[in-house]
Amino acid sequence: MQPVISVRHLSKVYEGGFQALKDVNLDIHRGEIFALLGPNGAGKTTLISIICGIVNPGSGQVLADGHDVVKEYRAARSIIGLVPQELSTDAFESVWSAVSFSRGLYGKPRNDAHIEKVLKALSLWDKRNNRIMELSGGMKRRVLIAKALSHEPRILFLDEPTAGVDVELRRDMWDMVRDLRSQGVTIILTTHYIEEAEEMADRIGVINKGEIVVVDEKKSLMQKLGKKQLTLYLQQPLEAIPEALSRHPLALSDDGQALTFTFDVQSEATGIAQVLRELNQHGIDFRDLHSSESSLEEIFVNLVKGARGDRV
Amino acid sequence: MNFYAVRAIYKFEMARTWRTLMQSIASPVLSTSLYFIVFGSAIGSRMVAIDGVEYGAFIIPGLVMFTLLTQSISNASFGIYFPRFSGTIYELLSAPVSFVEILMGYVGAAATKSIIVGILILITARFFVDYHIEHPLWMVSFLILTSITFSLFGFIIGVWADGFEKLQLIPLMVITPLAFLGGSFYSINMLPPIWHTITLFNPVVYLISGFRWSFYGVADVNVAVSLAMTALFLLLCLAAVWWIFKTGYRLKT
Ligand SMILES: Nc1ncnc2c1ncn2[C@@H]1O[C@H](COP(=O)(O)OP(=O)(O)OP(=O)(O)O)[C@@H](O)[C@H]1O
Ligand SMILES: [Mg+2]
């Protein structure tokens with residue numbers, strides 16, 4: 001199937017010479033939720049801004065539903081909705097008129113019923129006649145989302161949609177995003193809350209210093225890069241790990257009470273059985289054990305660290 | 001053509017006008033009217049007529065023109081500068097609109113405001129000064145053409161400015177002197193020859209002269225020249241705006 005967004009060899013150098021994107025290649029599948037992760041300054045907003053037409057592309061090409069975002073900007077942009085990271089709003093406008101304005105700007109005829117539906121879905125209906133400057137920060141962010149949804153986009157970019165939004169509303173927002181996906185809308189979001197990506201995304205891309213580090217299904221990403229840990233709580237505290245066991249990836253806690261064994265999820269032979277046997281031979285008994293899988297957050301930190309390490 | 005977008009921008013901008021009625025309409029009308037009271041009713045009667053036109057009436061076209069210029073520039077420059085300043089420009093840049101549509105919205109609204117102000121000033125002036133309009137159609141044409149041209153010019157300034165003081169700079173430091181020295185209060189034929197020649201480099205001379213001709217049938221320079229100069233300036237502004245949108249100057253990084 002043709003990707004709904006296709007980024008090819010995209011590079012961007014800002015005036016002043018800073019290279020924000022380096023030969024980025026990325027395909028977004030139709031109807032998926034794609035999470036773009038990366039540390040501050042990685043280039044997430046730059047990438048989104050180029051796709052949406054806010055920042056001039058350097059070299060390379062971006063297609064949205066097959067339309068070149070520069071040459072066929074009209075066709076490309078009319079199917080895209082954008083919620084920017086910055087809270088930029090028309091302070092003096094009412095919520096209703098600001099959202100209606102967006103719909104018109106995107107070339108859609110007036111449709112009060114749709115605007116009403118969007119405002120209600122975002123719990124903004126009661127505030128529709130308030131001026132935007134009278135709203136709280138979280139409400140303003142929802143106004144931006146309402147503006148982006150006002151013209152019924154097929155592709156929605158959410159640049160940190162839940163920054164500054166309280167927990168309950170964040171849940172609501174996740175539901176709304178899933179709801180949009182069920183209507184066939186493709187969603188690309190950036191976030192610094194890893195659990196958000198873990199909870200929502202179908203696929204995840206990690207970007208660091210302007211380069212795409214990895215793009216994969218969330219599940220296989222966690223499987224491939226995830227590590228499992230087995231923690232053994234000992235009967236008797238140990239001074240040190242016996243010499244004979246040092247070839248295993250074992251770590252002793254500071255108080256000597258717990259041994260941690262780390263192994264890759266995907267490897268066939270984990271070596272657990274061997275380790276347990278050897279522990280037994282050395283008379284190390286344990287009273288309890290606990291196993292854990294690494295979260296996306298740890299995977300992410302490892303990836304970014306790895307990429308940093310390459311350069312040092 | 002994204003007609004809905006043009007209408008959305010136009011409506012948005014006009015809503016701002018009605019919201020700030022005092023500042024955007026009442027204040028320019030009032031401040032220009034002061035001139036009519038002073039020069040028309042009070043001092044005007046003691047001044048000699050110029051080209052056979054009573055002094056109070058003589059200054060009306062120039063003053064209206066002066067207000068049109070400053071109003072068009074400040075309306076349009078603020079209209080586009082403010083979204084740049086507040087960050088809401090992102091929406092304009094990411095919307096499926098062409099630069100022609102953006103212009104039609106912003107420049108159309110700014111020009112509309114100027115035309116409203118211009119007409120209100122003409123009506124107000126009637127209370128203080130007795131004047132007539134010989135070529136009403138030409139008068140309206142000049143009014144509209146000037147409003148559009150200088151709204152375009154204002155749009156360019158709004159894109160160029162990177163601070164509020166720069167927005168004020170051009171209307172105050174350039175347009176005001178050019179309008180005052182461009183024959184708002186006198187006929188440039190009254191100047192010594194050398195100054196007369198220098199004054200012909202002032203583009204505002206042509207606007208005022210043409211506009212005054214539509215009122216009283218007298219002009220400092222030929223009307224055709226006035227019209228041509230205005231059209232030329234309009235084309236220059238259009239070319240500049242086209243370039244701005246093509247390169248994304250000050251709009252996109
Ligand atoms: N207009 C600009 N001019 C020059 N450099 C810029 C500009 N905008 C962004 N940059 C630089 O490009 C890099 C990428 O910025 P970008 O905003 O894309 O990061 P990000 O991944 O969105 O970060 P964050 O998580 O903080 O939002 C940063 O180093 C930033 O300083
Ligand atoms: Mg960002």
When chain A is treated as a Gaussian network with springs between alpha carbons less than 10 Å apart, the largest mean-square fluctuation among A:Lys227, A:Lys44, A:Lys218 is found at A:Lys227
Cα-based Rg and Dmax for region A:131-228, in Å, come out at 15.0, 52
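Would you tally the net charge around B:Asn189, using a Cβ to Cβ cut-off of less than 14 Å, leaving B:Asn189 out, and scoring K and R as +1, D and E as -1?
Details: positive: B:Arg212; negative: B:Asp51, B:Asp220.
That sum, taken over residues with Cβ under 14 Å, equals -1.
Over chain B, give the accessible area per residue in Å² for a 1.4 Å probe, as an integer. Let's see the in-between values first.
Values: 11030 Å² over 253 residues.
In whole numbers, chain B has 44 Å² accessible per residue.
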Any lysines whose Cα falls less than 24 Å from that of A:Lys12, other than same-chain ones fewer than 8 residues away, would be A:Lys22, A:Lys44, A:Lys71, A:Lys209, A:Lys305, B:Lys246, B:Lys252
At each listed q (0.08 Å⁻¹), what is the log10 of I(q)/I(0) that the Debye formula gives for chain B modelled as equal alpha-carbon point scatterers? -0.32
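How many partner chain Cβ atoms sit within 10 Å of a residue's Cβ in peptide A:103-115, on average, as a whole number? Don't skip to the answer; put the middle values down first.
Values: counts 3, 13, 17, 9, 11, 4, 2, 3, 0, 0, 0, 0, 0.
Counting Cβ atoms of other protein chains within 10 Å of each residue's Cβ and averaging gives 5.
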Of the options A:His114, A:Ile5, A:Val24, report the single residue whose Cα projects farthest towards the positive end of the charge dipole of region A:1-139 (beta-carbon charges: Lys, Arg +1; Asp, Glu -1). A:His114
What are the extents of the Cα atoms of region A:5-217 along their three principal axes, listed from largest to smallest and rounded to whole Å? 46, 37, 36
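Can you give the Rg to Rh ratio of region B:106-220, both from alpha-carbon atoms, with Rh computed by the Kirkwood formula?
Using Cα coordinates only, the ratio equals 0.99.
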I need the Kirkwood Rh of region B:9-133: take the reciprocal of the average 1/r across all distinct C-alpha pairs and report it in angstrom. 16.1
Taking the Cβ of B:Trp160 as the center, what net charge do the other residues with Cβ under 9 Å away carry, scoring Lys and Arg +1 and Asp and Glu -1? +1
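On the protein heavy atoms, probe 1.4 angstrom, tell me the percent of accessible surface of region B:200-244 carried by carbon and sulfur.
Working: 1550 of 1890 Å².
Taking all protein chains in place, region B:200-244 shows 82 percent carbon and sulfur surface.
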Under the helix-only model (-39500 (n - 2.57) for each DSSP H run of 4 or more, divided by the residues of chain A), the mean residue ellipticity at 222 nm, to 500 deg cm²/dmol, is -10000 deg cm²/dmol
Net charge dipole size for the protein assembly as shown [Lys, Arg +1 and Asp, Glu -1 on Cβ; Debye, nearest 20]: 1580
Tally up the carbon and sulfur contribution to the accessible surface of region A:1-63 as a whole percent, 1.4 Å probe, everything protein left in place. 52
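Per residue, how much space in cubic angstrom lies within the convex hull of the C-alpha atoms of the protein assembly as shown? If you can, show how the numbers build up before the last one.
Numbers: hull volume 110.0 nm³, N = 565.
Dividing the Cα hull volume of the protein assembly as shown by its residue count gives 195 Å³.
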For chain A, with a Gaussian network of springs between Cα atoms less than 10 Å apart, report the residue from A:Pro237, A:Pro84, A:Pro161 with the top mean-square fluctuation. A:Pro237
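If you average 1/r across every pair of different Cα atoms in region B:188-227 and take the reciprocal, what Kirkwood value do you get, in Å?
10.1
The values are calculated or read from the model by the stated rules, or taken from the named source; none is laboratory data. This is a predicted model, so every value here is computed, not measured. Neighbour counts run over all protein chains shown; Cβ positions are idealised from the backbone, glycine included. Side chains are part of the model used for accessible areas, which takes the heavy atoms of the whole protein and leaves out ligands, DNA and RNA. Shrake-Rupley method; radii C 1.70, N 1.55, O 1.52, S 1.80 Å.
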